[in-house]
Amino acid sequence: MQSLRPVRRVAELGSLDCMTTPQQFLESFWQAKVDAHAEANVRLEAVHAKYFGEPLLRHARDFMMRDRVLSVVEDVQQSRDTAIVVAREPLSADSGMHYRYHLSAVGESWKITRIDRECLHCRGTGRLGRAVCQFCDGDRWINPRKNAV
Ligand SMILES: [Zn+2]
C-alpha cells in the first residue's frame with residue numbers, strides 16, 4: 001500500500017482548489033446509485049406482484065434495492081493524484097461494514113479504482129487472538145477482486 005499523508009487543508013494543495021473533494025465525489029456516486037435503484041424498484045414492484053403470493057407479497061419491500069444513501073465517510077487520506085476514503089455502511093442499528101475506496105484524480109474529479117472491504121475474520125483488527133490474521137495478512141482489508149482477471 002502506498003503511504004499517503006493525511007490531507008490538511010485543500011487550500012494548501014494549490015492547484016486542487018477547485019477540485020471536487022473525495023468525499024463530495026463519493027457522496028455523488030452513492031446518490032447516483034440510489035437514483036438508479038429507484039428506477040429499478042419500479043420494475044421490481046411489477047416483478048414481485050407477478051411472482052410473489054401471500055404472505056410474502058406483504059414483505060415485497062424487503063426485496064427492493066436500497067433507495068436512500070446510508071454510507072458515511074469516516075476518513076479521507078489524500079495526495080495530489082490519489083485518495084483513500086474509508087466509509088461505513090450501516091447494516092442495522094448496531095452493525096455495519098467498512099469499505100475502503102481507492103480514488104485516482106481525473107481532471108477536476110476522481111475515478112474509483114478499487115474497493116476493499118473490512119476483513120470479516122478479524123473484524124478489521126488485523127489480528128486473530130495473538131496471531132496476525134491469515135485472511136488479510138494483518139492488512140485489515142480484503143480486496144475481493146485481487147485475483148480476478
Ligand atoms: Zn483479517
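The values are calculated or read from the model by the stated rules, or taken from the named source; none is laboratory data. This is a predicted model, so every value here is computed, not measured. All Cβ positions, even for glycine, are placed from backbone atoms using ideal geometry, and neighbour counts span all protein chains on display.
Specify which of the listed residues (109, 79) is under 29 Å from residue 125 (Cα atoms) and of a type in the set (Gly, Ala, Ser).
79 is the lone residue from the list that is under 29 Å from residue 125 (Cα atoms) and of a type in the set (Gly, Ala, Ser).
Among the residues of the stretch 117-136, is any touching a residue at least 24 places away in the same chain (Cβ under 8 Å) and more than 16 Å from the ligand (Cβ to nearest atom)?
We begin by selecting, within the stretch 117-136, every residue touching a residue at least 24 places away in the same chain (Cβ under 8 Å); these are 117-118, 124.
Adding the requirement that they be more than 16 Å from the ligand (Cβ to nearest atom) leaves none.
So far as the stretch 117-136 goes, no, none of its residues is touching a residue at least 24 places away in the same chain (Cβ under 8 Å) and more than 16 Å from the ligand (Cβ to nearest atom).
Considering only the stretch 39-63, state which residues are closer than 22 Å to residue 92 by Cα and either under 19 Å from the mean Cα position of the chain (by Cα) or free of Cβ contacts under 8 Å to residues at least 24 places away in the same chain (or both).
The answer is 56, 58, 59, 60, 61, 62, 63.
Being in contact (Cβ under 8 Å) with a residue 60 or more places away in the chain and assigned by TED's automatic domain parsing to the domain that holds residue 20 narrows it down to one of 104, 79, so name that one.
Working: 104 fails: in contact (Cβ under 8 Å) with a residue 60 or more places away in the chain.
The match here is 79.
State whether the residues of the stretch 80-89 include one that is in a loop (DSSP other than H, G, I, E, B), more than 16 Å from the ligand (Cβ to nearest atom) and at positive phi.
no
Would you check if there is a residue in the stretch 106-123 being of a type in the set (Gly, Ala, Ser) and either more than 27 Å from residue 33 (Cα to Cα) or surrounded by 16 or more Cβ atoms within 10 Å (Cβ to Cβ) (or both)? Step through it out loud before you land on a result.
Residues of the stretch 106-123 of a type in the set (Gly, Ala, Ser): 107, 109.
Keeping just the survivors that are either more than 27 Å from residue 33 (Cα to Cα) or surrounded by 16 or more Cβ atoms within 10 Å (Cβ to Cβ) (or both) gives none.
Scanning the stretch 106-123, I find no residue that is of a type in the set (Gly, Ala, Ser) and either more than 27 Å from residue 33 (Cα to Cα) or surrounded by 16 or more Cβ atoms within 10 Å (Cβ to Cβ) (or both), so the answer is no.
Being assigned to a loop (DSSP other than H, G, I, E, B) and either under 24 Å from residue 86 (Cβ atoms) or at pLDDT 95 or above (or both) is the filter here, so list the residues in the stretch 15-59 that pass it.
Answer for the stretch 15-59, where residues must be assigned to a loop (DSSP other than H, G, I, E, B) and either under 24 Å from residue 86 (Cβ atoms) or at pLDDT 95 or above (or both): 19, 20, 21, 52, 53, 54, 55.
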